[in-house]
Structures are given as structure tokens and as C-alpha cells.
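*Asks:* Pasting in a structure now, in C-alpha cells, and then I'll have a few things to ask.
The values are calculated or read from the model by the stated rules, or taken from the named source; none is laboratory data. The structure presented is a predicted model; accordingly, all values stated were derived computationally and were not measured. Virtual Cβ from ideal backbone geometry, glycine too; neighbours counted across all protein chains shown. Keep in mind that these areas ignore ligands, DNA and RNA; they rest on the heavy atoms of the full protein, side chains included. Shrake-Rupley method; radii C 1.70, N 1.55, O 1.52, S 1.80 Å.
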Amino acid sequence: QVQLVESGGGMVQSGGSLRLSCAASGSIVSINTMAWYRQAPGKQRELVASIIDGRGNTYYADAAKGRFTISGDNAKNTVYLQLNSLKPEDTAVYYCHADGTDANYRHWDHWGQGTQVTVSS
């Protein structure tokens, strides 16, 4: 069984920074993609950023470009999301998502529990 555990959310003022972490543990042989999504109240969950294949190939949503940075530590099966220049509209629950292969060579696909980011004006 694979688990994703997130940390690093909190409350900051506009313009502040936070660093989110998501660690994957369990029966993991490989990880294909690790990503961060967010869901604001009354809105659909949206992709913020992703990192693919552990090679550093990244994708950013337009709202994240220039302010957020996704990075990974393959040895720790951990992905980070550095949030800079935060705005009130970044307020949301941030979810980690990952997929990969387990020790039985089956594909797995999991979400973290979510971490709240609140940005005050």
C-alpha cells in the first residue's frame, strides 16, 4: 500500500512564502509523476504543477508560473512545492498526487490528505 503524506501548509500574509512537502511511502518500485493540485471553496480541483519521471521535467499552470517551483528528491520519494509571492486567490487546500509501480508491478495512483494554505490580504 502506498501513502502520500503532506506537510507545510499554513497561514501567511499576501506576498509571503510557504514550502509544501509530500512524501510517498510504501511498496514503491517507481514513481511516474508527482503533482500538486489545489481546490478553493466552491471551485473544482485544479492542477498547479507536476514533475515527471524524476528527470526534472516540469509543468506549471499559468497561475503558478514565475511564483511557484516544484522539485523532487528521488531518493526520498518526496516532492516539494515552493510557493512565493502568495496572493489571497492562492488560498486553497493543496493536494499531492502521485502514480507509479509497486513491488508487484501493479500501477498505483494516490492522493494525499490535503494541506490548507491561507493567504490574507
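*Asks:* Which condition does residue 79 not pass, out of (1) farther than 13 Å from residue 8 by Cβ; (2) outside any helix (DSSP H, G or I); (3) of a type outside the set (Ser, Thr, Tyr), if it passes all the others?
*Replies:* Unmet condition: (1).
*Asks:* Could you check region 40-56 and list, in sequence order, the residues that are touching a Phe, Trp or Tyr at 6+ places or on another chain (Cβ under 7 Å) and either closer than 15 Å to residue 80 by Cβ or open to solvent by 60 Å² or more (accessible area, probe 1.4 Å) (or both)? If you could, list the steps in order and put the result at the bottom.
*Replies:* Of all residues in region 40-56, those touching a Phe, Trp or Tyr at 6+ places or on another chain (Cβ under 7 Å) come to 45-50.
Answer for region 40-56, where residues must be touching a Phe, Trp or Tyr at 6+ places or on another chain (Cβ under 7 Å) and either closer than 15 Å to residue 80 by Cβ or open to solvent by 60 Å² or more (accessible area, probe 1.4 Å) (or both): 45, 46, 48, 49, 50.
*Asks:* Contact list please: Cβ distance under 7 Å, first residue in region 65-80 and under 16 Å from residue 7 (Cβ atoms), second residue open to solvent by 50 Å² or more (accessible area, probe 1.4 Å) and not aliphatic (A, V, I, L, M), pairs at least six apart or on different chains.
*Replies:* Partner pairs satisfying both residue conditions: 70/58; 77/25; 80/19.
*Asks:* Are any residues in region 18-38 open to solvent by 60 Å² or more (accessible area, probe 1.4 Å) and assigned to a loop (DSSP other than H, G, I, E, B), and if so, which ones?
*Replies:* 29
*Asks:* Which residue out of 25, 71 is within 12 Å of the chain's Cα centre (by Cα) and of a type in the set (S, T, N, Q)?
*Replies:* 71
*Asks:* Suppose we filter region 63-114 for residues that are of a type in the set (Val, Ile, Thr) and buried (at least 21 other Cβ atoms within 10 Å of the Cβ); how many remain? Spell out the reasoning first.
*Replies:* Filtering region 63-114 for residues of a type in the set (Val, Ile, Thr) gives 69-70, 78-79, 91, 93, 101.
Restricting the remaining residues to those that are buried (at least 21 other Cβ atoms within 10 Å of the Cβ) gives 70, 79.
Residues meeting the conditions: 2.
*Asks:* Taking into account only those residues within region 87-121 that are hydroxyl-bearing (Ser, Thr, Tyr) and assigned to a strand (DSSP E or B), which is farthest from residue 71 (Cα to Cα)?
*Replies:* So the residue we want is 120.
*Asks:* Another one. Out of everything in region 28-58 that is over 11 Å from the mean Cα position of the chain (by Cα) and charged (D, E, K, R), what residue ends up being nearest to residue 104 (Cα to Cα)? Explain how you work it out, then say what you get.
*Replies:* From region 28-58, those over 11 Å from the mean Cα position of the chain (by Cα) are 28-32, 39-46, 52-58; that's our starting set.
So of that shortlist, the ones also charged (D, E, K, R) come out as 43, 45-46, 53, 55.
Numbers: 43: 37, 45: 31, 46: 31, 53: 19, 55: 24 Å.
Among them, the one singled out is 53.
*Asks:* With (1) in contact with a helix residue (DSSP H, G or I) (Cβ under 8 Å, 6 or more places away or on another chain); (2) at pLDDT 95 or above as the list, and residue 54 as the residue in question, which single condition is left unmet?
*Replies:* If we test residue 54 against (1) in contact with a helix residue (DSSP H, G or I) (Cβ under 8 Å, 6 or more places away or on another chain); (2) at pLDDT 95 or above, just (2) comes out false.
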